[in-house]
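Please find one structure pasted underneath; my questions will follow.
The values are calculated or read from the model by the stated rules, or taken from the named source; none is laboratory data. Since this is a predicted model, take the numbers as computed values, not measurements. For neighbour counting, all protein chains shown are included, and Cβ atoms are generated from backbone atoms with ideal geometry for every residue, glycine included. Only protein heavy atoms, including side chains, enter the accessible area calculation; ligands, DNA and RNA are left aside. Shrake-Rupley method; radii C 1.70, N 1.55, O 1.52, S 1.80 Å.
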Amino acid sequence: MTKPAISLGSGLLVVGITAGVWWNWFHEPYALADAPEVDVTVRAEKSRYPDAQETAEDVDTVVRVYVQRLKDGDAKGIADLAGPAYRRPGPTAAEYVREYGRAAGGPVEVTVLEGVVPYFNPVTVTYKETGQRQELLLVKDDGHWWIGLGDGDPAAGMRP
């Protein structure tokens, strides 16, 4: 009797490695929770370039997660949305919760502005209930959008 070319254990190992690679490549590192519900509209500013609309679609998840965590008062969760090049995002995240947390309970409009560099994008967050406006910088790193929170220079690694 001959042994099969691949044992059951080896086959499971290959499946496990494949699943891990898929998870890391295609799974976003953040996601909307089931609650609390938020009322967020994400749109691109008027532009003659299609990139602004594409970016608005691309950043939709991270800004919705940001508003949801604001509404929930989750400063640690907001700090987790900080770009990898940023250090000590906690104090900034806590400040945002204090300043905008209550306003995040009402309708929120996010306008994606035309960025000069494709992986750095400014957005304006308008809290309709209070009239407050917030400017955020979104940074794309390793295929995902992050929020510029805390101390850091996301372009530092790109300089010669």
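Per-residue HN-Hα couplings for the range 79-95, Karplus 6.51 cos²θ - 1.76 cosθ + 1.60 at θ = phi - 60°, whole Hz, x for Gly and Pro?
4, 5, 8, 5, x, x, 7, 9, 10, 6, x, x, x, 5, 4, 5, 4
State in Å² the accessible area per residue of the range 23-88; use a 1.4 Å probe, count heavy atoms of protein chains only, and round to the nearest integer.
Numbers: 4200 Å² over 66 residues.
Value returned for the range 23-88: 64 Å² of accessible area per residue.
Now a separate question. Report the label-to-label distance for residue 95 and residue 141 in nanometres (one decimal), using points 7 Å from each Cα along the Cα→Cβ vector.
Rounded to a tenth, the inter-label distance reads 1.9 nm.
Shifting gears a bit: Highest mean first, how do 131-141, 101-111 rank when packing is the count of other Cβ atoms within 10 Å averaged over residues? Could you put the intermediate results ahead of the total?
On the way: 131-141: 16.0, 101-111: 19.2.
Peptide ranking by packing, descending: 101-111, 131-141.
Can you give the extra length, in nm with one decimal, that the chain gains between residue 119 and residue 37 once fully stretched, where that is 0.36 nm per residue apart less the Cα-Cα distance? Numbers along the way, then the final one.
On the way: separation 82, 0.36 × 82 = 29.52 nm, distance 2.86 nm.
This chain segment gains 26.7 nm when fully extended.
Can I ask one more? Please give the net charge around residue 43, taking every other residue with its beta carbon less than 12 angstrom from that of residue 43, where Lys and Arg add +1 and Asp and Glu add -1.
Numbers: positive: 46; negative: 45, 57, 60, 109.
Net charge around residue 43: -3.
Continuing with the same structure: From the phi of every residue in the range 110-122, what ³J(HN,Hα) in whole Hz does the Karplus formula 6.51 cos²θ - 1.76 cosθ + 1.60 yield, where θ is phi - 60° and glycine or proline is x?
10, 10, 8, 8, 5, x, 6, 10, x, 9, 10, 9, x
State the Cα centre-to-centre distance between the range 50-80 and the range 93-118 in whole Å.
Each part reduced to its Cα centre gives a spacing of 8 Å.
Direction-averaged shadow area of the convex hull around the Cα atoms of the range 28-160, nm²? Intermediate results must be reported in sequence, preceding the final value.
Working: hull surface 31.5 nm².
Here the figure is 7.9 nm², rounded to one decimal.
State, as an integer percentage, the relative contact order of the range 83-146 based on alpha-carbon contacts under 8 Å between residues 6 or more apart. Can you show the working numbers first?
On the way: 83 pairs, mean separation 18.5, N = 64.
RCO, the range 83-146: 29 percent.
Quote the relative contact order of the range 54-160 in percent (integer), defining contacts as alpha-carbon pairs under 8 Å separated by 6+ residues.
Numbers: 177 pairs, mean separation 30.9, N = 107.
Relative contact order here is 29 percent.
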